1. What single numbered condition from (1) at pLDDT below 90; (2) within 15 Å of the ligand (Cβ to nearest atom); (3) farther than 22 Å from residue 307 by Cβ fails to hold for residue 51?
2. Is it true that residue 117 is away from the ligand (no atom under 14 Å from the Cβ), modelled with pLDDT under 95 and not in a strand (DSSP E or B)?
3. Could you look through the range 173-188, keep only residues that are surrounded by 12 or more Cβ atoms within 10 Å (Cβ to Cβ) and modelled with pLDDT of 95 or more, and pick out the one that is nearest to residue 220 (Cα to Cα)?
4. What's the total number of residues in the range 136-155 that are free of Cβ contacts under 8 Å to residues at least 60 places away in the same chain and within 8 Å of the ligand (Cβ to nearest atom)?
5. Name the single residue that is farthest from residue 327 (Cα to Cα) among those in the range 156-179 being under 19 Å from the mean Cα position of the chain (by Cα) and more than 10 Å from the ligand (Cβ to nearest atom).
6. Restricting to the range 189-217, name every residue that is crowded, with 17+ Cβ neighbours inside 10 Å and assigned to a helix (DSSP H, G or I).
Ligand code: TRP
């Protein structure tokens, strides 16, 4: 089914607390690629342990992440969904690529600088070499396109540099991947500070609406959303809060900004916020129901993981043979 298609790869952190920003900006559109590309979506649990994790939590969140992506519509028959640690080649290629990555390059990664500032008591070597493991994730599958957020652009550039360097030494081995930053059609901002992006790690729970938030929490968060002192539901200077609510409403309802302005002309902020909250909660209800159903069926989730791992291991083994041969590792049958 995946034969001869170009490859899309993306890594997703095992976190069950994705926001409506993740949903509208990325996950909802993932399926669109699967006609044209062979898409691999990998739950990157090896990346997760660069910061200390509670083992039971990490295990649970691995299932949850898979279930959540599937509940959002990712079809395991049409995409390869798998868990990173089920494919040992990630760690193996990660090590090899470490030897083709410069200390200076890794030192320049802004995410490393941020994360080591935040985890000053645990600046481990994995945190430092994380971008090489990410490069291995991508290069293992001869990936052409990597959908990522802007925060991952620098890591993707490094993956391209590593691929080019390796190809330069040994001849064509890896496809040099392109990043794909989804168009900002649905850029969802914080409900508390509407000039800032909605972030799943925001400490203020009222600022973020999560895909799995219960209906009453969703409605309450929208009710408390920061707006302005005016009373008109329209776009404009100083109306970031209202504009954000309008784009969320638009993204869930399929209505344009103009249509929304007409629909709510003459209505107050309170009514509008309630309408946004209800529309969002209604749209997420089927996703949540499907998530609950999947989480009760661990055996099925494990079957999906197993099939995904088989497909990924097969693809990875082809790249690995090539790599081992090129660098002079003896292969025995
Ligand atoms: N580093 C990415 C993040 O934090 C996750 C990730 C790991 C990834 N490996 C990847 C993304 C490969 C794209 C491709 O979001």
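The values are calculated or read from the model by the stated rules, or taken from the named source; none is laboratory data. If you're wondering where the values come from, they're calculated on a predicted model, not measured in any experiment. Note that we place each Cβ from the backbone using ideal geometry, even for glycine, and neighbour counts take in every protein chain shown.
1. Every condition holds for residue 51 apart from (1).
2. Working: away from the ligand (no atom under 14 Å from the Cβ): yes; modelled with pLDDT under 95: yes; not in a strand (DSSP E or B): yes.
Considered against the rule, which asks whether it is away from the ligand (no atom under 14 Å from the Cβ), modelled with pLDDT under 95 and not in a strand (DSSP E or B), residue 117 comes out as yes.
3. So the first thing to find is which residues in the range 173-188 are surrounded by 12 or more Cβ atoms within 10 Å (Cβ to Cβ), and the list is 173-177, 179-182, 186-188.
Applying the additional criterion that residues be modelled with pLDDT of 95 or more yields 173-177.
Numbers: 173: 53, 174: 49, 175: 48, 176: 46, 177: 43 Å.
Checked the range 173-188; the qualifying residue nearest to residue 220 (Cα to Cα) is 177.
4. Here is the first cut: in the range 136-155, the residues free of Cβ contacts under 8 Å to residues at least 60 places away in the same chain are 136, 150-155.
Of the ones still in play, those that are also within 8 Å of the ligand (Cβ to nearest atom) are 151-152, 155.
Here the count works out to 3.
5. Restricting attention to the range 156-179, the residues satisfying the condition of being under 19 Å from the mean Cα position of the chain (by Cα) are 156-159, 177-179.
If we keep only those that are more than 10 Å from the ligand (Cβ to nearest atom) too, we end up with 157-158, 178.
Working: 157: 23, 158: 20, 178: 25 Å.
Among residues in the range 156-179 that are under 19 Å from the mean Cα position of the chain (by Cα) and more than 10 Å from the ligand (Cβ to nearest atom), the one farthest from residue 327 (Cα to Cα) is 178.
6. 206, 207
Yes or no, residue by residue, for (1) surrounded by 21 or more Cβ atoms within 10 Å (Cβ to Cβ); (2) at pLDDT below 90; (3) closer than 19 Å to residue 141 by Cα:
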site	(1), (2), (3)
5	no, no, yes
8	yes, no, yes
24	yes, yes, no
35	no, yes, yes
38	yes, no, yes
66	yes, no, no
71	yes, no, no
